[in-house]
Amino acid sequence: MDIYALIQAIAIAALPVVLAITLHEAAHGYVARRFGDPTAWMAGRITVNPLKHIDPIGTVLVPLLILIVSTGGFLFGWAKPVPVNFGNLRNPKRDMLWVAAAGPGANLVMALAWAALMKLAWLLPFNYFSLPMARMAEIGILINVSLMVLNLLPLPPLDGGRIAVSLLPTRQALAFAQLERWGFPILLVLLFTGILGSVLRPLMTVVTSLIATIFQLPT
């Protein structure tokens, strides 16, 4: 990839990647506040300002490296986790589900919004912005579906793990929650062994195919 193509790819991908990662975190904080925990709000994290959420490694470096070395089949990153004090929630075990689900839910909404933009790019008369707009929308769908599917894996501290803790009976939930200290190392092992990609890609294909069908997009 030459330097001009690289700069162009970064410019097109920057907005959807940053929005996907930062709004995912802001959604957690917003729902936590609705259920009684103002921690994220007091920390200034319920905002669309990406500077409040950006993690130099997870929001910038990792997505950039993946964008450079991949063929576009898998893209993800992370932001600074939003602080949530689950003890402040009105019903901690029940409300944890909604706080955790808010992030993947935000990614689903954004994936649908980018799909609508892609549809618009193809419907409008062809112009200089048509292809960049369509490519940006494509990346927006990809990153949001990636984050949604990844975070729904039932592995603490991923959102899917917290959802599982919320749904399990108390004794099993407490035992399952103990996995959180090992969650990130397990995730890294799955990533570098290729297992994570093997699990996520079929799920991502299903979700993106459904979105393409809904908006009648080319696949």
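Below are the figures for this structure:
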quantity: Breaking point among (1) at pLDDT 90 or above; (2) more than 30 Å from L168 (Cα to Cα), for G36; calculated: (2)
quantity: So F126, is it surrounded by fewer than 20 Cβ atoms within 10 Å (Cβ to Cβ) and either modelled with pLDDT of 90 or more or hydrophobic (A, V, I, L, M, F, W, C) (or both); calculated: yes
quantity: Residues of the stretch 1-57 satisfying the condition of being in contact with a Lys or Arg (Cβ under 8 Å, 6 or more places away or on another chain) and free of Cβ contacts under 8 Å to residues at least 60 places away in the same chain; calculated: T22, G29, G36, A40, W41, G44, R45, I46, K52, H53, I54, D55
quantity: Residue under evaluation Y128, criteria (1) outside any helix (DSSP H, G or I); (2) more than 19 Å from A9 (Cα to Cα); (3) without any contact (Cβ under 8 Å) to a residue 40 or more places away in the chain, criterion not met; calculated: (2)
quantity: Subset tally (residues that are assigned to a loop (DSSP other than H, G, I, E, B), touching a Phe, Trp or Tyr at 6+ places or on another chain (Cβ under 9 Å) and at pLDDT below 75) for the stretch 44-75; calculated: 0
quantity: Close pairs (6 angstrom Cβ cut-off, 6 or more residues apart or separate chains): under 15 Å from L19 (Cα atoms) in the stretch 107-124, outside any helix (DSSP H, G or I) and acidic (D, E) anywhere; calculated: none
quantity: Candidates I186, I195 - the one that is of a type outside the set (G, A, S), under 17 Å from W78 (Cβ atoms) and without any contact (Cβ under 8 Å) to a residue 40 or more places away in the chain; calculated: I186
quantity: Candidate set from the stretch 9-57 (those that are within 13 Å of P83 (Cα to Cα) and basic (K, R)); member that is surrounded by the most Cβ atoms within 10 Å (Cβ to Cβ); calculated: R45
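Matching residues to (1) of a type in the set (S, T, N, Q); (2) over 20 Å from the mean Cα position of the chain (by Cα); (3) modelled with pLDDT under 95:
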site: P156; (1), (2), (3): no, no, yes
site: I163; (1), (2), (3): no, no, no
site: R171; (1), (2), (3): no, yes, yes
site: A177; (1), (2), (3): no, yes, yes
site: R181; (1), (2), (3): no, yes, yes
site: L187; (1), (2), (3): no, no, yes
site: L191; (1), (2), (3): no, no, yes
site: G197; (1), (2), (3): no, no, yes
site: L200; (1), (2), (3): no, no, yes
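The values are calculated or read from the model by the stated rules, or taken from the named source; none is laboratory data. All figures in this text were calculated on a predicted structure; none of them were measured in a lab. So basically every Cβ, Gly included, is an ideal-geometry build from the backbone, and we count neighbours across all protein chains shown.
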